[in-house]
Amino acid sequence: MEKQIARQFRQKVQALLEDESERDTLYTSLREYHESMSLSELITDLRKVVNSPDRMELFEDVRPLIPLKHQVEYDKIVPNRLAKARIVKLVKNGPDSLGFSLRGGVEHGVGIYVAHVVPSSPAEISGLRVGDEVLRINGYSVNESTHEEIVLLTQSTNYIEMKIRHIGMLPIKRTRTDQLRWEYVHPVPGSPESPNGTVLGEVINNMSNGAPSPKMGKEDRRVFVNLEGTPGLGCSICGGPAYKPGVFVKNVKPGSIAEEIGLKLGDQFLDVNGINLTHADYGEAISALKGSKQLTITVRPQEGEELFKDNIIPKKSIHLDNESQPQDSEEKRAEREELERLRQIAVDREKKRQKKETEEREAEEKKKQEEEQQSKLQKRKSEEDDEEISRQLEQELLNLSLTQQKLDDEKKQEESRKHQESRTQAQRRESERKEKQTRQELDRLSEHDKKRRKELELQQKLEEQNRLQQEKEERMRIHRLQQEAKESEREIQREQQWLSQEAEKDLRKPNLIPSPPKTYMSPSAAQGVRN
């Protein structure tokens, strides 16, 4: 398995890195990392090799070679080539800037990238970051758009919806003849490197002209004008004196486009469509201003106002419109001839510049072809070295895999131990819970038994009292019956005595006349008759 990973990694490296020295740098950095385990040094070395977005997949290929304990930190530092695109929405309120600038364009062979974000601006608040690649603006793809078209598109509306993806790199090109290169926008934690903020903030215009654009001041502003179907800008310009060079607004025609965009007497044009005018001659200024119907002008308000207050007005000036001007003046004709001469000079300079660029491109292509041939020879020569390096890398990967396997086993054992402890604790808690429930149940049953015994004792007492009461009543009833029986016997005895006494009395009397038999009545019967 490790040999297969090493073989696939070697194939990807050979496909992405044609230069042998770059491959050696990559392999050397991996070996040093496995010895020192310094992640910051590894990423610093990788950035020297991954020097363009099309090589960023190397970061993903190197990731399996990083131990698990460093992979989380590794993912935080390196750019994610597979990061999902996100939507950023910006709304412009009034004249305030949205706080971001773009660079690139199809004319430079690159896409559109966010080069600068002003702190605490709407752009930063909405989540825009330096190093974001712009994929769409208001639903339109920007893959085939020039820088000027993108600038006009973002300035023509107050609502911008951008689909972006964070790359973490920016294209750098200080002059037109420089070779395009890429620079990371974030430093590696723990390393002394830092992004070049000056270059990142000024590259928008540097890629359009040979001279770097002037830095914008706090009061400087950038205006965008489309002159299609219009008579012209509607103002006249002039060059400044030797001690204050530049291009200044000499006159603004009422009701013109220049008046609408806020141009005033003494305003200085710093650059036009990326062409620096701070030290440009008269011909270059005219060529820049009349060379396109779509103008992007950086204006410094009333920078040359004192020139006109002190009547230090240059003789040469030109109207930036297409309307007919008063003729039949020798000075006007001379001015037009001078203008034509300067325009021809500008055209000749442009032709020479293009010819020079063509020669440089041809020389560069020839040099590149020679380098490719030399690279092929070196590649053929270094195949054996690559095989040796690959074997070493396979061995290192095997060692790393064994180490990783050991760490994984230890981690599994630790997890198993923790799991067993957690299960033991859970069982102990469950046992304690059941024991507690049992004690509570026994206590509850004990209380119930006590209560039941009390009730039984009370019931027995009541029954005993009832039994005693019944016995007492029975004894009283029997005693009453006995008394009544005794009373009846005494009454019978009294009646018998009375009867005997009466009988004796009758025997003592002479029996002269027979008398009817007497009816005897006992005292009790007599008492009943009386009642």
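Quick look at the values:
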| read-out | value |
| --- | --- |
| Residues satisfying the stated conditions in segment 235-258, i.e. in contact with a Cys (Cβ under 8 Å, 6 or more places away or on another chain), open to solvent by 10 Å² or more (accessible area, probe 1.4 Å) and either aliphatic (A, V, I, L, M) or closer than 26 Å to S101 by Cα (or both) | V252 |
| Filter result (in a loop (DSSP other than H, G, I, E, B) and touching a residue at least 60 places away in the same chain (Cβ under 8 Å)) within segment 114-148 | V130 |
| R47 part of a helix (DSSP H, G or I) and either surrounded by fewer than 15 Cβ atoms within 10 Å (Cβ to Cβ) or modelled with pLDDT under 85 (or both) | no |
| Selection count, segment 117-148, where residues are acidic (D, E), within 24 Å of V225 (Cβ to Cβ) and surrounded by fewer than 18 Cβ atoms within 10 Å (Cβ to Cβ) | 1 |
| Test: residue in segment 84-99 that is closer than 30 Å to K411 by Cβ and touching a residue at least 60 places away in the same chain (Cβ under 8 Å) | no |
| Strands (runs of 3 or more DSSP E) enclosed by segment 214-267 - at least 3 residues per element that are at pLDDT 85 or above | 232-239, 247-252 |
| Cβ-Cβ under 6 Å pairs, at least 6 apart or on other chains, segment 45-62 side touching a residue at least 12 places away in the same chain (Cβ under 8 Å) and farther than 18 Å from E133 by Cβ, far side of a type in the set (D, E, K, R) and open to solvent by 40 Å² or more (accessible area, probe 1.4 Å) | D61/K12 |
| Subset tally (residues that are touching a residue at least 12 places away in the same chain (Cβ under 8 Å) and either among the aromatic types (F, W, Y) or open to solvent by 50 Å² or more (accessible area, probe 1.4 Å) (or both)) for segment 9-23 | 5 |
| The listed residue being modelled with pLDDT under 80 and of a type in the set (D, E, K, R), out of E148, E73 | E148 |
| Every residue from segment 47-87 that is closer than 13 Å to P187 by Cα and not charged (D, E, K, R) | I77, V78, P79 |
| Filter result for the condition that a residue is closer than 23 Å to V50 by Cα, at pLDDT below 85, in contact with a helix residue (DSSP H, G or I) (Cβ under 9 Å, 6 or more places away or on another chain) and open to solvent by less than 50 Å² (accessible area, probe 1.4 Å), over I172, I167 | I172 |
| Only listed residue being within 20 Å of H186 (Cα to Cα) and touching a helix residue (DSSP H, G or I) at 6+ places or on another chain (Cβ under 8 Å), chosen from A115, A123 | A115 |
| Unique residue being open to solvent by 100 Å² or more (accessible area, probe 1.4 Å), at pLDDT 80 or above, farther than 30 Å from I275 by Cα and assigned to a helix (DSSP H, G or I) when the list is E384, E371 | E371 |
| Contacts under 7 angstrom Cβ, first residue in segment 164-178 being among the charged types (D, E, K, R), partner assigned to a loop (DSSP other than H, G, I, E, B) and at pLDDT 65 or above, 6 or more apart | R165/A83; R165/A85; K173/L180 |
| Number of positions in segment 388-418 that are open to solvent by 90 Å² or more (accessible area, probe 1.4 Å) and closer than 30 Å to D19 by Cα | 2 |
| Qualifying residue in segment 504-514 (condition: within 30 Å of L68 (Cβ to Cβ) and either open to solvent by 100 Å² or more (accessible area, probe 1.4 Å) or not hydrophobic (A, V, I, L, M, F, W, C) (or both)) | no |
| Test: residue in segment 33-42 that is closer than 13 Å to E396 by Cα, exposed (fewer than 15 other Cβ atoms within 10 Å of the Cβ) and either of a type outside the set (G, A, S) or touching a Pro at 6+ places or on another chain (Cβ under 8 Å) (or both) | yes |
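Yes/no per residue for (1) among the aliphatic types (A, V, I, L, M); (2) modelled with pLDDT of 90 or more:
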| position | (1), (2) |
| --- | --- |
| A426 | yes, yes |
| L445 | yes, no |
| K450 | no, no |
| A503 | yes, no |
| L507 | yes, no |
| P516 | no, no |
| T519 | no, no |
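The values are calculated or read from the model by the stated rules, or taken from the named source; none is laboratory data. Predicted model only: the values in this text are computed from it and were never measured. All Cβ positions, even for glycine, are placed from backbone atoms using ideal geometry, and neighbour counts span all protein chains on display. Each accessible area value is taken on the protein alone, full model and side chains, heavy atoms only, with ligands, DNA and RNA left out. Shrake-Rupley method; radii C 1.70, N 1.55, O 1.52, S 1.80 Å.
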